[in-house]
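S.K.: If you scroll down you'll find the structure; I have some questions about it.
The values are calculated or read from the model by the stated rules, or taken from the named source; none is laboratory data. Nothing here was measured: the structure is a model prediction, and the numbers come from that model. Every residue, glycine as well, gets a Cβ built from its backbone with ideal geometry; the counts of neighbours run over all protein chains shown. Keep in mind that these areas ignore ligands, DNA and RNA; they rest on the heavy atoms of the full protein, side chains included. Shrake-Rupley method; radii C 1.70, N 1.55, O 1.52, S 1.80 Å.
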2 protein chains.
Amino acid sequence: MRRIAPERADLLAIVAEVFREHGYEGASLALIGAATRLGKGSLYHFFPGGKEEMARAVIAHIDGWFEDNVFAPLRDSPDPRGGIEHMIEATDSYFRSGRRVCLIGAFALDESRDLFADQIRSYFGRWVVHLAGALERSGHRPGEASELAEEAVAAIQGALTLARAANDLDVFSRALRRLRLRLGLPAKT
Amino acid sequence: MRRIAPERADLLAIVAEVFREHGYEGASLALIGAATRLGKGSLYHFFPGGKEEMARAVIAHIDGWFEDNVFAPLRDSPDPRGGIEHMIEATDSYFRSGRRVCLIGAFALDESRDLFADQIRSYFGRWVVHLAGALERSGHRPGEASELAEEAVAAIQGALTLARAANDLDVFSRALRRLRLRLGLPAKT
DNA sequence: GACTCACTGTACCGATTGGTACAATGTCGG
DNA sequence: CCGACATTGTACCAATCGGTACAGTGAGTC
């Protein structure tokens, strides 16, 4: 009965969307099954640890994406400003200009945080640290760079919340525009 | 069998804490009952509309608190800077310096937003509008005041997320300190 | 003392929850 | 062609979900 097994990455992307929209508690196996068109048999074959393993895998997948597309450029780009610019564009693209919400940020808010505390802390921690590094290399003093990085990551998270609350995508793009200026980037791309 | 009926405000505060910690889906009637020490009979007596009415009442209660302690001072204070200072302190106190999370912000993230969309939009909308008004009266140009207000409210929401993710209260107090400067307030209280 | 009515505990409802067990179905390497 | 194994649907499980029904129970009122 072997079917066209979806690539694990595709599968994780679909499951991520369910968690994103419904939260950890709200994402029932029925919803996940419907979204992936996979029965419980398949779901528990791929994720023997059940819902918790699914969530863990989804977080790791997102983390990997940010590692490749955001953290690495911040860390490795010879031109720190270029890395920061890259981060802003990747962020805008990942969150679909505010249409999408940050799964990991959402998990951080309710009690599901306790289950995934390490992964959540690592994700945001690395984001702040690598951004601070790039800011430092682009001329900011260390302490100032750390504060600015923390402010920037928080601004993104807050803008996602506010954009969804207001149901207005412009909230997010305005936030990114301000962020550009604040981080010392040219206004327009 | 009439017992000491808790004040409705106290009751709502307890229920709010359950929603805050577990989210709308995660807050089961069993949890709410345990926290309030009220059986289903009592719960459905006070909230015939069930869980949804409880959440609606809780949001309204929080909204009322912010109306009295944040929005009104921003709107009515003869000295706009004083109103803004008042907002910062009320915010710090309400969120217990980052120990607490914003219920309404959390609801905005997942699908429960659709149920309470109007209340959520109104809450954040009024916060931004009244802060923008105070900023305008304290000398900012209208457009600039609106952007700054939006930035400030988003910064608070983002800081709450980040503080909980990092499990580090200092994240929140640092954010409030930056906010003071950004809004043109003296550094220390 | 009778009546009222806000309040409460308990039993119960069907639906859904996350999870398990397993037999069937293929696909693939040999 | 065969056996191994990845993948699947289905049936099933106890626990819990949100919600209803209702018979009390008692404090206040006349």
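S.K.: Which of the residues that make up segment A:69-113 are in contact (Cβ under 8 Å) with a residue 12 or more places away in the chain, hydrophobic (A, V, I, L, M, F, W, C) and assigned to a helix (DSSP H, G or I)?
M.R.: A:70, A:71, A:74, A:84, A:87, A:88, A:90, A:103, A:104, A:106, A:107, A:108
S.K.: Then there is this: If you go through segment A:98-156, how many residues are closer than 17 Å to residue A:58 by Cβ, buried (at least 23 other Cβ atoms within 10 Å of the Cβ) and either more than 10 Å from every other protein chain (Cβ to nearest Cβ) or touching a strand residue (DSSP E or B) at 6+ places or on another chain (Cβ under 6 Å) (or both)?
M.R.: 0
S.K.: I'd like the residue in segment B:38-97 that is under 12 Å from the mean Cα position of the chain (by Cα) and within 14 Å of chain A (Cβ to nearest Cβ) and, out of all such residues, is farthest from DNA strand D (Cβ to nearest atom).
M.R.: B:91
S.K.: Among the residues of segment A:7-27, is there at least one that is open to solvent by 20 Å² or more (accessible area, probe 1.4 Å) and in contact with a Phe, Trp or Tyr (Cβ under 8 Å, 6 or more places away or on another chain)?
M.R.: yes
S.K.: Another question, then. When you scan segment A:164-183, how many residues do you find that are crowded, with 22+ Cβ neighbours inside 10 Å and facing chain B (nearest Cβ under 9 Å)?
M.R.: Result for segment A:164-183: 4.
S.K.: Pairs needed: first member in segment A:37-48, on the phi > 0 side of the Ramachandran plot; second member anywhere, more than 6 Å from DNA strand D (Cβ to nearest atom) and not in a loop (DSSP other than H, G, I, E, B); C-beta distance under 7 Å; at least 6 residues apart or different chains.
M.R.: none
S.K.: In this structure, is residue A:116 touching a residue at least 40 places away in the same chain (Cβ under 8 Å) and within 16 Å of DNA strand C (Cβ to nearest atom)?
M.R.: So residue A:116 fits the description; yes.
S.K.: Of all residues in segment B:12-26, count the ones that are of a type in the set (Asp, Glu) and more than 8 Å from chain A (Cβ to nearest Cβ).
M.R.: Residues that pass the stated criteria total 1.
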